[in-house]
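Read-outs: derived from the displayed coordinates by stated rules, not from any lab. Note that the structure is a prediction, hence the values are computed from the model and not measured. Positions of Cβ are backbone-derived with ideal geometry, glycine not excepted, and every protein chain shown enters the neighbour counts.
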Amino acid sequence: MLRGAFLQRSAYNAMTYDDNLKRYALSTSDFPHIGRLQEFFAPFVKFQKKMSAQKCPTINTETTAYNQLFSHLNKYTRSPSIYDPDLLNAAQVAFEKLKKHYSRATQVVYSISQVLDPRCRYTWWSYVGEKWSKFQPAISDQDLAIDEDDGYEPSFGQTDPLQAYLAEPTNSKADVMRFWKGQEEAAGDIKNGRPDPLYMMARRYLAVPASSLPSERCFSRAAIFIPQQRSRLLPSALKESALLDSWFKYFVGRSANLMDVFEDEWNNSENNDQDQ
């Protein structure tokens, strides 16, 4: 709304020439203030759009997004003489409000998700390794047994996928979903129903939404799945309908063939059923 008023200020002023709208007229000093308000709120708008996305992981960027907001607000408190008192007060109130929300973003899932982002790969959180131990494949004694008398040098038969991943350089331009889903080397052999354990860990943690907006969107579309004409869907049928709807929404406009996706998912589900 502020941006629209600022861009259309000439038309807005012309509209207020009407006798019934004169009280809404803005002076020449009001529009620069609107510009400063836009600058103040711009990072919050960007934060809201980033956290409400549903076609890409979001929880891995929440901590850094909060830090960007804190840095933005600190800019006002560091140089109070160049900003309006109203903006300074707003920055202080917003800072205290953000601190309460940020305290909820310190759980392990946020840190692990950020580590599994190929653009970050922070290595100093010890509990990432603790969680990885639940996914890490067992290394047999046979793999570790080396007979030096036979001329072999001691070495491990298997490398730890997490350590190998963390040893790779970060890539600031990496697409998180393509990195884990599209690359056979990183995601493991998914088609045979036995995905790489590190991929399984990434899939579990990166799938956590940073906000409740995806769930709210799902509830808002409930009328599509459960209209009055079919109000007795089984839970399994409702789940499949929501899944198909999600796939259609995700692949609209993409080059991937949707039928190929259905076929791959169907084959994976059959392989999983056979393994069980």
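List the lysines whose Cα lies under 20 Å from the Cα of LYS97, skipping any in the same chain that are fewer than 8 positions away.
LYS46, LYS49, LYS50, LYS75
What shape does region 1-99 take by its C-alpha gyration tensor, where a ≥ b ≥ c are the square roots of the eigenvalues and a/c under 1.5 counts as rounded, a/b above b/c as prolate, and the rest as oblate?
Oblate is the answer for region 1-99, as a/c is 1.5 or above yet b/c matches or exceeds a/b.
Based on the mean of other beta carbon atoms within 10 Å per residue, what is the order of 110-117, 207-214, 236-243, 97-104, most packed first? Walk me through the numbers on the way to the answer.
Values: 110-117: 23.1, 207-214: 14.8, 236-243: 12.5, 97-104: 11.0.
My ranking of the peptides, most packed first, is 110-117, 207-214, 236-243, 97-104.
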